[in-house]
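Written out below as structure tokens is the structure these notes cover.
What follows is calculated from the coordinates using simple rules that are stated; it is not laboratory data. Every value quoted in this text rests on a predicted model; they were computed, and no experiment measured them. Here the Cβ positions follow ideal geometry from the backbone for every residue, glycine too, while neighbour counts run over all protein chains shown.
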Amino acid sequence: MGYRSEIALAISREALPHFLSVLAKEPEARTMVFKHHDKLDRDYDGEGTLFVHWSDIKWYDSFPEVQAINSFVEELDGDYLDGFELSEGEYQGDHVRFVRLGEDMDDIDVKGTLHEYDINFCRTLSF
């Protein structure tokens, strides 16, 4: 993982109560989400999706706030989140999108499918 990262995180309206309970247990994560962001949109898609963007942030697994957010994303993307109700044909990863770009070209982490065509990364040539 690179020294600094750029992060995009989207949480659906349905998953938001679970995410807020994670933030309630980790005050630094709550501060990171609601005060130390570069962009915060509480209704990204007109359907209540929370969107947070951080650029140039230290995103280390050793930080408790990063651990809390990463664990939530992993649980939701991996169908491990207890008590989350799904509609037929839906999976938990449909309710989260996490994209992290580190400083190195191969330092990329992508989870979930929520708004996967809107929230993504692209590479371009510079010359």
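Quick look at the numbers
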| read-out | value |
| --- | --- |
| Ranked TYR91, TYR44, TYR80, criterion: other C-beta atoms within 10 Å, fewest first | TYR80, TYR91, TYR44 |
| Ellipsoid semi-axes in whole angstrom, largest first, where each is sqrt(5λ) of the Cα gyration tensor of segment 50-93 | 25, 13, 7 |
| Segment 33-127, dipole about Cα centre (Lys/Arg Cβ +1, Asp/Glu Cβ -1), debye to the nearest 20 | 480 |
| Lysine pairs with alpha-carbon atoms under 19 Å apart, segment 3-127, spacing 8 or more or separate chains | 4 |
| DSSP H segments from the chain that extend 24 Å or more along their own axis, Cα-based, with Kyte-Doolittle mean of -1.0 or above | none |
| Cα shape, segment 81-127, gyration tensor, a/c 1.5 rule | prolate |
| Three-way shape label, segment 1-98, alpha-carbon gyration tensor, a/c 1.5 | prolate |
